[in-house]
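Since the structure comes first, as structure tokens, the remarks are kept for the end.
The values are calculated or read from the model by the stated rules, or taken from the named source; none is laboratory data. These numbers come from a predicted model, not from an experiment. We place every Cβ from the backbone using ideal geometry, glycine too, and count neighbours over all the protein chains shown.
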Amino acid sequence: MTDARRAYYDRIAAHGLTPLWEVLGALVPPEPRSPAVPALWRYAELREHVMEAGRVITAEEAERRVLILENPGLRGQSCITQSLYAGLQLILPGEVAPAHRHTQSALRLVLDGEGAYTAVDGERTTMRRGDFIITPAWTFHDHGNLGDQPVVWLDGLDIPTVRFLDAGFAEKAVTQVQSVARPEGDALARYGANLLPLDYAPKPADPTRVFVYPHEKTRAAMQAIAAASAPDPHLAHKQRYVNPATGTSPMPTIAAFTQAIPAGFETRALRSTDGTIHVCLEGSGEAEIAGTTYRFAENDVFVVPSWHRLQLRASRDTMLFSFSDRPVQQALGLWREERL
């Protein structure tokens, strides 16, 4: 750089200006260059740290006792990808995580233990391993543990997306525990059984009223699909969760998927622009991400950043749950996938 050009840059900087030509390549790259990196969290190694959190702070003190899974390339930003947050939440027997609501959308994937519940706007659902539970934006929710063992689940939220838009609001409920307004299973019966109330006309972007997708039903469906069809070369057997009233994603900012991979099967490589968080619910195998192999087992979590090549190999019959920001990208016309 010449002295004259450097002096020019210094002069215009005083006016809040900077030359586009110096940063154009970074602002408009030839392909995505995510600062997030591939990473794997082994639950067997993390579990004791999660349990220790239960001895360090109460659920009431913490409001939400969670250990955040921070992407190694994004430390200090409380996110696992550029747009999504993930963490492991613990609730001990007899505890209540007090009721609140926020503009961030959330999902829960139950990993460990029995006896807890989540309540959403006055309806409780018992949390069973593998269940996919949703807290839509701005709905009051609390968690409680009526059982005799610790319960751990994975939280997934769109916190970074909402933070980027400066649209975050939160509100604590008047009481720690919501009053029960409807019996358990009411929402699933009204909205999740190929039936809808006559006056219910949701918009495509509205979140689902079905806030729990039981793993037992998902598993049975995936087994039936696998028995009736050959695995896709790139995906094996993969389905997306939907709002049954609209066919769209259960939440406007977060997509969720279930994937069954037969023992010994290896997928062909693919990559997509939605950075994706995967959780192994059953089985074990390997994820090759951008040339590096990560061995995963049950309850392990791994992240595939945007536009990183992914191949999966199953050592045993394997079920993966995953979530990403695909609905946002699709709404903006940005989502892209390449099957290699």
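Quick one: how many residues across the range 66-80 are surrounded by 23 or more Cβ atoms within 10 Å (Cβ to Cβ) and more than 11 Å from I159 (Cβ to Cβ)? Residues meeting the conditions: 1. In the set (1) without any contact (Cβ under 8 Å) to a residue 40 or more places away in the chain; (2) in contact with an Asp or Glu (Cβ under 9 Å, 6 or more places away or on another chain); (3) acidic (D, E), the condition left unmet by E95 is number (1). Out of V162, V177, one residue alone is of a type in the set (V, I, T) and closer than 22 Å to T58 by Cα. It is V177.
When you look at T267, is it out of contact with any Phe, Trp or Tyr (no Cβ under 8 Å at 6 or more places or on another chain) and either of a type in the set (F, W, Y) or in contact (Cβ under 8 Å) with a residue 12 or more places away in the chain (or both), yes or no? Lay out the reasoning, then the answer.
On the way: out of contact with any Phe, Trp or Tyr (no Cβ under 8 Å at 6 or more places or on another chain): yes; either of a type in the set (F, W, Y) or in contact (Cβ under 8 Å) with a residue 12 or more places away in the chain (or both): yes.
It is true that T267 is out of contact with any Phe, Trp or Tyr (no Cβ under 8 Å at 6 or more places or on another chain) and either of a type in the set (F, W, Y) or in contact (Cβ under 8 Å) with a residue 12 or more places away in the chain (or both).
Residue by residue through the range 136-183, note down the ones that are aliphatic (A, V, I, L, M) and in a loop (DSSP other than H, G, I, E, B). If the condition is that a residue be aliphatic (A, V, I, L, M) and in a loop (DSSP other than H, G, I, E, B), then A137, L146, L165, A167, A173, V174, V177, V180, A181 are the ones that fit. For the range 283-323, enumerate the residues that are surrounded by 17 or more Cβ atoms within 10 Å (Cβ to Cβ), out of contact with any helix residue (DSSP H, G or I) (no Cβ under 8 Å at 6 or more places or on another chain) and of a type in the set (D, E). Scanning the range 283-323 gives E288, D317.
Would you confirm whether any residue within the range 305-313 is in contact (Cβ under 8 Å) with a residue 12 or more places away in the chain, of a type in the set (S, T, Y) and not in a loop (DSSP other than H, G, I, E, B)?
So in the range 305-313, the residues in contact (Cβ under 8 Å) with a residue 12 or more places away in the chain come out as 305-313.
Within this subset, residues satisfying the condition of being of a type in the set (S, T, Y) are 306.
In the following step, the residues that additionally are not in a loop (DSSP other than H, G, I, E, B) were identified as none.
No: the range 305-313 contains no residue that is in contact (Cβ under 8 Å) with a residue 12 or more places away in the chain, of a type in the set (S, T, Y) and not in a loop (DSSP other than H, G, I, E, B).
The listed residues are V152, V177, and the only one of them that is at pLDDT below 95, touching a strand residue (DSSP E or B) at 6+ places or on another chain (Cβ under 6 Å) and under 23 Å from A53 (Cβ atoms) turns out to be V177. No other residue among R271, R316, R295 is part of a loop (DSSP other than H, G, I, E, B) and more than 20 Å from Y85 (Cα to Cα) apart from R316. Entry remark, the range 274-292: residues being more than 23 Å from V110 (Cα to Cα) and in a strand (DSSP E or B) number 3 in total.
Just one of the listed residues (E286, E338) is under 27 Å from V50 (Cβ atoms) and more than 13 Å from the chain's Cα centre (by Cα), and it is E286. Filtering the range 120-138 to residues that are surrounded by fewer than 22 Cβ atoms within 10 Å (Cβ to Cβ) and without any contact (Cβ under 8 Å) to a residue 60 or more places away in the chain leaves T126, W138. Using the structure shown, decide if R326 is of a type in the set (D, E, K, R), surrounded by fewer than 22 Cβ atoms within 10 Å (Cβ to Cβ), under 24 Å from R108 (Cα atoms) and at pLDDT 95 or above. For R326, the condition - of a type in the set (D, E, K, R), surrounded by fewer than 22 Cβ atoms within 10 Å (Cβ to Cβ), under 24 Å from R108 (Cα atoms) and at pLDDT 95 or above - is not met. Residues in the range 229-242 that are part of a loop (DSSP other than H, G, I, E, B) and touching a Leu at 6+ places or on another chain (Cβ under 9 Å): H234, L235. For the range 273-308, the set of residues classified as over 21 Å from S34 (Cβ atoms) and among the polar types (S, T, N, Q) consists of S284, N299, listed by residue number.
Go through A260, A245, A226, A256 for me and flag whichever is assigned to a loop (DSSP other than H, G, I, E, B), crowded, with 16+ Cβ neighbours inside 10 Å, touching a residue at least 12 places away in the same chain (Cβ under 8 Å) and not polar (S, T, N, Q). Just a single option satisfies the conditions, and that option is A245.
Being polar (S, T, N, Q), part of a helix (DSSP H, G or I) and under 24 Å from A116 (Cα atoms), is that true of even one residue in the range 194-216?
Within the range 194-216, the first condition is being polar (S, T, N, Q), and the residues that meet it are 194, 208.
Retained after the next criterion (residues that are part of a helix (DSSP H, G or I)): none.
Taking every residue of the range 194-216 in turn, none turns out to be polar (S, T, N, Q), part of a helix (DSSP H, G or I) and under 24 Å from A116 (Cα atoms).
Restricting attention to the range 39-56, the residues that are surrounded by 12 or more Cβ atoms within 10 Å (Cβ to Cβ), over 21 Å from S83 (Cβ atoms) and among the aliphatic types (A, V, I, L, M) add up to 4. Taking (1) without any contact (Cβ under 8 Å) to a residue 12 or more places away in the chain; (2) in contact with a helix residue (DSSP H, G or I) (Cβ under 8 Å, 6 or more places away or on another chain) in turn, R75 satisfies each apart from (2).
Taken together, A26, A36, A59, A86 contain a single residue that is buried (at least 19 other Cβ atoms within 10 Å of the Cβ), at pLDDT below 95 and either within 18 Å of the chain's Cα centre (by Cα) or on the phi < 0 side of the Ramachandran plot (or both), which is A59.
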